[in-house]
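As C-alpha cells, the structure follows; a few thoughts come after it.
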Amino acid sequence: MTRRSRWSSPPSRSYAWWAPRSSRGCCAKQPPAVRTSPEASGEMRPSQRQAAIKAAIRVIEGGGLSGLTFDAVARETGMTKSGLVYHFPSKEDMLMALHEHLASAWEDNLIEALGVPYEESTPDQRAAAYVRTQSQAMSRVELLLMIDAASHPEYIAPWAAVTSRWAAPVEGGQDDAGFRRAMANLAADGLWVYDILNAQTLPAEVREEFAERIARTVDGADGRGGSPEAEPRG
C-alpha cells in the first residue's frame with residue numbers, strides 16, 4: 001500500500017459506498033483472468049527464437065530455401081505461426097536472422113581457435129585461427145544462403161563484419177607478411193568449398209592436416225606467430 005503524505009491533497013470523494021456490497025468496485029467478484037501462453041499471445045522467449053532458427057536450418061537442409069515457409073518452421077518446432085511472426089515479421093527477417101546466427105557461431109569458433117584474447121592477438125594469429133575454422137566443409141545451408149545473398153547484399157553484412165575483424169586483406173602492395181596471411185586465407189577458403197566444387201568429400205583427418213599446414217605458414221609450428229613484424233592489436 002502506498003503511504004500518503006500528510007501534505008498531499010485528500011482523495012476525491014467517491015459515492016460508490018451506497019451501492020450494494022456485491023456491486024462495489026472494491027469488492028465485486030471479477031471473472032478469472034484468462035491466462036495465455038507466451039506463444040499464444042504472440043510473444044516468444046529467447047530460447048524459442050533460437051529453437052525457431054535451428055528449425056529453419058533443418059527445413060533448408062531438407063527442402064532448400066524454397067521450402068522455408070512459416071508453415072514449415074511451425075511444423076518443425078510445434079510453434080504457432082503467430083509466435084514465429086512475433087520475432088520474424090517476414091521471411092526476409094527470418095533469413096537475416098539465419099545469416100546473423102551462422103556468422104555469430106563462426107566468430108565463436110574463431111575466438112576458440114585463437115586461444116588468446118582478441119585484443120592481445122597478432123595479425124598472424126588471427127589469420128591462423130581463420131584458417132583452422134575453415135577446416136570444416138561448407139554445409140548445404142551455408143551454400144544456399146550464400147547463393148541467395150548474392151542478390152540480397154544486406155545478408156552479407158553479418159559475414160562482412162566477422163571477416164573484417166579476422167580475415168587478412170586481399171590486396172596488392174602488401175609486405176611479405178601481409179601476402180602470406182592473404183594467401184593462407186585464400187587457401188583456407190578453397191578448402192572450405194572444396195567438397196562443393198569437386199563433388200567429393202575429403203576425410204576429416206585430411207582436412208585437418210591441410211588446415212594445420214596452411215595455418216603454420218603464418219603462425220609457425222609453435223602457434224605463437226610466424227612474422228616477427230606482427231604486433232599485438234592496440
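Here are a few things to note about the model shown:
- So Leu143, is it crowded, with 17+ Cβ neighbours inside 10 Å, assigned to a helix (DSSP H, G or I) and in contact (Cβ under 8 Å) with a residue 12 or more places away in the chain: no
- Pairing residues of the range 111-131 that are free of Cβ contacts under 8 Å to residues at least 24 places away in the same chain with residues that are among the β-branched types (Val, Ile, Thr), at Cβ distances under 8 Å and at least 6 apart in sequence or on separate chains, gives Ala113/Thr133.
- Qualifying positions in the range 156-193 - outside any loop (DSSP other than H, G, I, E, B) and over 24 Å from the mean Cα position of the chain (by Cα): Asp176, Ala177, Gly178, Phe179, Arg180, Arg181, Ala182, Met183, Ala184, Ala187
A short reminder: the numbers here are calculations on the coordinates, not readings from a lab. Since the structure is predicted, the reported quantities are computational estimates derived from the model, not experimental observations. Ideal geometry is used to build each Cβ from the backbone, glycine not excepted, and the neighbour counts take in all protein chains shown.
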